[in-house]
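**Student:** Can you keep this structure in mind? I'll have questions shortly.
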Amino acid sequence: MLARRLRSKFPALSCRWQTTASTTAVEPPPAGGHSSSVASSQLFRITRESALRTPGISWQDEESDRNIIGGRETRKMNLYQAVRDALSIALSKDDTAVIFGEDIAFGGVFRCTMGLAEEFGRERVFNTPLTEQGIAGFGIGLASMGHTAIAEIQFADYIYPAFDQLVNEAAKFRYRSGGHFSIGGLTVRTPTMAVGHGGLYHSQSPEGFFMGASGLKVVIPRSPIQCKGLLLSAIRDPNPVIFMEPKILYRSAVEQVPIDDFSLPLSRAEILIPGSDLTLLTWGTPVYHCESALRLLNSPPPSLAPLIPPSLRNAKVELIDLRTILPWDVETVVESVRRTKRLVIVHEAGMTGGVGGEIAAEVGKRAFLRLEAPVRRITGWDVPAGLQFEKFNMPDAVRILDGIMETLSY
């Protein structure tokens with residue numbers, strides 16, 4: 001849609017040959033592009049008061065009835081520090097908890113376990129051989145013996161060798177034993193999604209491959225507060241959980257995070273921006289691309305203003321962070337779509353076989369007669385992540401804006 005409008009507004013763009021001179025003054029884009037950075041997001045809770053009032057927060061310490069504002073403190077953390085804080089709490093409160101994976105004792109590739117081996121001992125925080133199938137199998141065995149097993153797969157791209165253990169063993173363990181045995185103490189952490197230069201084996205988003213694995217839970221947080229609360233919930237959940245952490249957010253996402261022990265609910269989406277004209281559903285890093293797209297829609301820069309009809313600029317778009325991918329919060333999503341009558345789904349993984357297809361099918365079944373436009377999916381392309389120009393493979397703010405405009409105009 002934007003491409004068509006560009007050609008109609010600036011016919012010279014469709015010519016094969018052009019000179020460097022231009023008869024139409026066009027504002028050059030800013031050096032950083034029109035999309036704001038993650039660090040400037042308005043979705044972060046950067047004050048103590050807003051952090052302590054995070055929706056759904058549940059205090060897990062012995063003083064859970066303590067006054068929220070008067071008695072609790074926060075600390076500025078990025079996402080990897082929030083992971084480390086959650087792991088420290090899990091180890092200190094649960095004597096059966098152990099953490100293991102490749103290079104874990106050294107702090108891990110992203111420094112999420114820095115200092116834990118020195119603090120809690122190398123019997124509880126230790127390295128493993130380079131074998132993802134072995135890491136998952138070892139975790140299943142530990143959890144079956146009553147331990148809290150917190151495993152790390154160094155990159156989500158490497159989780160495929162562990163697929164048999166996770167899908168055929170972990171997911172089915174309770175069912176196979178008729179409910180007599182459980183490995184609910186198993187949590188598998190893994191960095192996921194792209195950073196812009198990871199290439200084939202460090203940029204994948206494999207959450208969709210687990211959608212048919214009944215018995216597993218899959219969680220993807222968007223921020224430090226969300227990461228700490230959801231990770232502690234995952235560790236304590238009575239089901240095995242795959243916890244995928246968007247790696248580009250490890251350092252770019254910064255919030256004030258409560259230092260106390262708290263949890264956030266699994267399988268419950270969060271409405272970040274309420275709206276009435278369209279539902280925009282996403283998770284992980286694309287949450288911030290969606291936020292940028294909404295900013296471009298409502299207040300376009302001069303160079304984009306001719307391409308965005310004034311009638312669409314006041315659209316009220318409801319932005320939802322799904323958070324738990326499996327099992328996902330059907331009720332919140334469907335209720336939103338019934339109100340807004342339009343749905344756009346955004347995720348970094350490719351379209352074919354992606355999570356968005358399952359969500360679109362379920363929404364179509366439950367809210368078909370309320371829809372005023374086809375469900376739109378904006379995803380990564382169905383190709384391997386490129387060795388160059390990786391960002392063109394990801395759904396950026398402009399592609400999301402284009403999808404929103406087409407859906408609103410349908």
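The values are calculated or read from the model by the stated rules, or taken from the named source; none is laboratory data. Please read all numbers here as calculations on a predicted model, not as lab measurements. Positions of Cβ are backbone-derived with ideal geometry, glycine not excepted, and every protein chain shown enters the neighbour counts. SASA here: full protein model, heavy atoms, side chains in, ligands and nucleic acids out. Shrake-Rupley method; radii C 1.70, N 1.55, O 1.52, S 1.80 Å.
**Student:** So, in nm, how far is label residue 299 from label residue 75 when the simple model puts each one 7 Å beyond its Cα toward the Cβ?
**Tutor:** Using points 7 Å along Cα→Cβ, the separation is 3.5 nm.
**Student:** Right, next: Mind checking which lysines have their C-alpha under 28 Å from residue 247, skipping anything on the same chain fewer than 8 residues away?
**Tutor:** Partners within reach: 76, 93, 217, 228, 391.
**Student:** Taking +1 at the Cβ of each Lys and Arg and -1 at the Cβ of each Asp and Glu, which of 296, 272, 336 sits farthest along the dipole of segment 251-341 towards its positive end, judged by Cα position relative to the Cα centre?
**Tutor:** Looking along the dipole axis, the top candidate is 296.
**Student:** To the nearest 0.05, how large is the calculated FRET efficiency for residue 410 and residue 127 if R₀ is 51 Å and r is the Cβ-Cβ distance?
**Tutor:** E(calc), rounded to 0.05, equals 0.45.
**Student:** Kindly report the accessible area of segment 267-410 per residue (heavy atoms of protein chains, probe 1.4 Å, no ligands, DNA or RNA), in Å².
**Tutor:** 41 Å²
**Student:** For segment 57-154, what is the accessible area per residue in Å², given a 1.4 Å probe and the full set of protein chains? Before the final figure, lay out the partial values.
**Tutor:** Numbers: 4390 Å² over 98 residues.
Using a 1.4 Å probe on heavy atoms only, each residue of segment 57-154 averages 45 Å².
**Student:** Then there is this: Antiparallel versus total DSSP beta bridges in segment 256-351: what percent is that, nearest 5? Before the final figure, lay out each step's value.
**Tutor:** Details: 3 of 11 bridges.
DSSP beta bridges in segment 256-351 are roughly 25 percent antiparallel.
**Student:** Take every DSSP beta bridge with both residues inside the chain and express the antiparallel ones as a percent of the total, to the nearest 5.
**Tutor:** If we restrict to bridges inside the chain, about 25 percent are antiparallel.
**Student:** Please state the charge dipole magnitude for the chain, taken about the Cα centre, from unit charges on C-beta atoms (+1 on K and R, -1 on D and E), reported in debye and rounded to the nearest 20. If you can, show how the numbers build up before the last one.
**Tutor:** Numbers: 43 positive and 43 negative charges, 311 e Å.
Charge dipole of the chain: 1500 debye, to the nearest 20.
**Student:** Per 0.36 nm of contour for each residue apart, how much would the distance between residue 49 and residue 163 grow if the chain were fully extended, relative to their Cα-Cα spacing?
**Tutor:** 36.9 nm
**Student:** Here's a follow-up. Straight distance only, please: which lysines reach the Cα of residue 365 with their own Cα at less than 19 Å, same-chain residues fewer than 8 apart left out?
**Tutor:** Counting by Cα, and skipping residues close in sequence, residue 365 has these lysines nearby: 341.
**Student:** Looking only at Cα atoms, what is the convex hull volume of segment 203-260 per residue, in Å³?
**Tutor:** Taking the convex hull of the Cα positions in segment 203-260, it is 71 Å³ per residue.
**Student:** Contour minus end-to-end for residue 40 and residue 88, with contour as 0.36 nm per residue of separation and end-to-end as the Cα-Cα distance? Intermediate results must be reported in sequence, preceding the final value.
**Tutor:** On the way: separation 48, 0.36 × 48 = 17.28 nm, distance 2.86 nm.
Length gained, residue 40 through residue 88: 14.4 nm.
**Student:** For residue 251 and residue 201, calculate 0.36 nm times their separation in residues minus their Cα-Cα distance, and state this gained length in nm to one decimal. Walk me through the numbers before you get to the answer.
**Tutor:** Values: separation 50, 0.36 × 50 = 18.00 nm, distance 2.05 nm.
Going from the current span to full extension adds 15.9 nm.
**Student:** Something else now. In the chain, carbon and sulfur make up what percent of the accessible area (probe 1.4 Å)?
**Tutor:** The nonpolar share, carbon plus sulfur, comes to 56 percent.
**Student:** Against the longest principal axis of the chain, how steep is helix 132-144, in degrees 0 to 90 to the nearest 10, with axes from Cα atoms?
**Tutor:** Its long axis makes an angle of about 50 degrees.
**Student:** Arrange the peptides 245-258, 137-150, 41-54 so that the one whose residues have, on average, the most other Cβ atoms within 10 Å appears first.
**Tutor:** Per-residue mean Cβ counts within 10 Å order the peptides as 245-258, 137-150, 41-54.
**Student:** Provide 365, 341 ordered by accessible surface of protein heavy atoms (probe 1.4 Å), highest first.
**Tutor:** Working: 365 145, 341 60 Å².
Heavy-atom accessible area, descending, gives 365, 341.
**Student:** So, counting K/R as plus one and D/E as minus one, what does the shell of residues with Cβ under 10 Å around residue 341 add up to?
**Tutor:** +2
**Student:** OK, next. For segment 349-403 and segment 294-333, what is the centre-to-centre distance using only Cα atoms, to the nearest Å?
**Tutor:** 14 Å
**Student:** Taking only Cα atoms and a 10 Å spring cutoff, compute GNM fluctuations for the chain and point out the largest among 193, 394, 351.
**Tutor:** Answer for the Gaussian network model of the chain: 351.
**Student:** Students often get this wrong: which residues of segment 187-213 have the backbone nitrogen under 20 Å from the point 7 angstrom along Cα-to-C-beta of residue 352?
**Tutor:** The answer is 200-201, 203-212, whose backbone nitrogens lie closer than 20 Å to the label point.
**Student:** Tell me, what is the FRET efficiency for residue 383 and residue 361 to the nearest 0.05, using R0 = 25 angstrom and their Cβ-Cβ distance as r?
**Tutor:** Efficiency, rounded to the nearest 0.05: 0.60.
**Student:** Follow-up. Compute the projected area of the convex hull of the Cα atoms of the chain, averaged over all viewing directions, and report it in nm² to one decimal place.
**Tutor:** 22.0 nm²
**Student:** Mind telling me which of 265, 395, 161 comes out most flexible in a GNM of the chain, alpha-carbon contacts under 10 Å?
**Tutor:** Maximum among the listed residues: 161.
**Student:** What is the dipole size for segment 162-218, taken about its Cα centre, with +1 at each Lys and Arg Cβ and -1 at each Asp and Glu Cβ, in debye to the nearest 20?
**Tutor:** So the magnitude is around 200 debye.
**Student:** Provide Rg and Dmax in Å for segment 78-204, with only Cα atoms included in the calculation.
**Tutor:** 14.7, 46
**Student:** For the chain, build the charge dipole from Cβ charges (+1 Lys, Arg; -1 Asp, Glu) around the Cα centre, then report which of 143, 312, 125 sits farthest towards its positive end.
**Tutor:** Of the options given, the answer is 312.
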